[in-house]
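The values are calculated or read from the model by the stated rules, or taken from the named source; none is laboratory data. Small disclaimer: the values here were computed from a predicted structure and weren't measured. Glycine gets a Cβ as well: all are built from the backbone with ideal geometry, and neighbour counts include every protein chain shown.
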Amino acid sequence: MANSGSTMERLFVLFASVAAGGLLGGLGVSPFPQIAEGARTTVEAARGALADRPDILLPIRYSGSGLVANDPARSQSGLTLVQGLLPGGPQVRLLDHDGNELHRWDVDFFRIWPDADGIIPTRRIPVSKNNYVTQGMWPMRDGSLIVNLTGLGSARIDACSNTVW
């Protein structure tokens, strides 16, 4: 029976600890608010990192997709390169004067650097395709593209979006 007394004592201490923790947490005594805020922040960050449209993106301003207005008198003729976090992830698109897509390069960090550990600090490796952007590109005569991935590095991808270097 001596053993059951110590089990009861342990259960009482456990119950009292949980009750005291709940009471102190309910009263907002430190560190409980900080722990709760940390949990909320972690959940929000995970949701944003894995979402199809991360929270950091501004709302879409206009209905429709692609070129929604074309005023030839006010625009330059020729081709335009557009870069950004577009549906499907970071891309560079070549558009004609009417907004028709002529070519697309998918700028896939995970294809460019499949073994990024050891090359890029772990804390900077994106968790998904929605957590990095292109910032600058240079088209080459052979259809390849040199792209800069903000804060990660530069790469050259061919016309089929395969890594050259």
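Condition first: under 14 Å from G143 (Cα atoms) and among the charged types (D, E, K, R). Now tell me which residues in segment 74-107 satisfy that.
Within segment 74-107, R93, R104, D106 qualify.
If you take the residues of segment 126-138 that are among the hydrophobic types (A, V, I, L, M, F, W, C) and touching a residue at least 24 places away in the same chain (Cβ under 8 Å), which of them is farthest from C160 (Cα to Cα)? Let's see the steps before the verdict.
Initial filter on segment 126-138 (among the hydrophobic types (A, V, I, L, M, F, W, C)): 127, 133, 137-138.
Narrowing the set further to residues that are touching a residue at least 24 places away in the same chain (Cβ under 8 Å) leaves 127, 133, 137.
Values: V127: 24, V133: 19, M137: 16 Å.
Here the answer is V127.
Which count do you get for residues in segment 108-138 that are assigned to a helix (DSSP H, G or I) and under 18 Å from G88 (Cβ atoms)? Steps first, answer last, please.
Of all residues in segment 108-138, those assigned to a helix (DSSP H, G or I) come to 109-112, 122-124.
Those left that are additionally under 18 Å from G88 (Cβ atoms): 109-112.
Final tally of qualifying residues: 4.
Is it the case that some residue within segment 80-95 is at pLDDT 90 or above, closer than 28 Å to R156 by Cα and among the charged types (D, E, K, R)?
Yes; the residues of segment 80-95 include at least one that is at pLDDT 90 or above, closer than 28 Å to R156 by Cα and among the charged types (D, E, K, R).
Does T150 satisfy the condition of being under 17 Å from L94 (Cα atoms) and within 13 Å of the chain's Cα centre (by Cα)? Step through it out loud before you land on a result.
On the way: under 17 Å from L94 (Cα atoms): no; within 13 Å of the chain's Cα centre (by Cα): yes.
Against the criterion (under 17 Å from L94 (Cα atoms) and within 13 Å of the chain's Cα centre (by Cα)), T150 does not qualify.
Would you pick out the residues in segment 125-161 that are of a type outside the set (A, V, I, L, M, F, W, C), closer than 28 Å to G48 by Cα and surrounded by 12 or more Cβ atoms within 10 Å (Cβ to Cβ)?
Keep residues of segment 125-161 that are of a type outside the set (A, V, I, L, M, F, W, C), which gives 126, 128-132, 134-136, 139, 141-144, 148, 150-151, 153-154, 156, 158, 161.
If we keep only those that are closer than 28 Å to G48 by Cα too, we end up with 126, 128-132, 134-136, 148, 150-151, 153-154, 161.
Passing the criteria: P126, S128, K129, N130, N131, Y132, T134, Q135, N148, G153, S154, S161.
Which residues, taken from segment 139-165, are touching a residue at least 12 places away in the same chain (Cβ under 8 Å) and assigned to a loop (DSSP other than H, G, I, E, B)?
Keep residues of segment 139-165 that are touching a residue at least 12 places away in the same chain (Cβ under 8 Å), which gives 139-140, 142-145, 147-153, 155-159, 161-164.
Once the filter is applied, which keeps residues that are touching a residue at least 12 places away in the same chain (Cβ under 8 Å) and assigned to a loop (DSSP other than H, G, I, E, B), segment 139-165 yields M140, D142, G143, S144, T150, G151, L152, D158, A159, S161, N162, V164.
For segment 62-115, which residues satisfy the criterion of being closer than 17 Å to I146 by Cα and among the polar types (S, T, N, Q)?
T80, Q83, Q91
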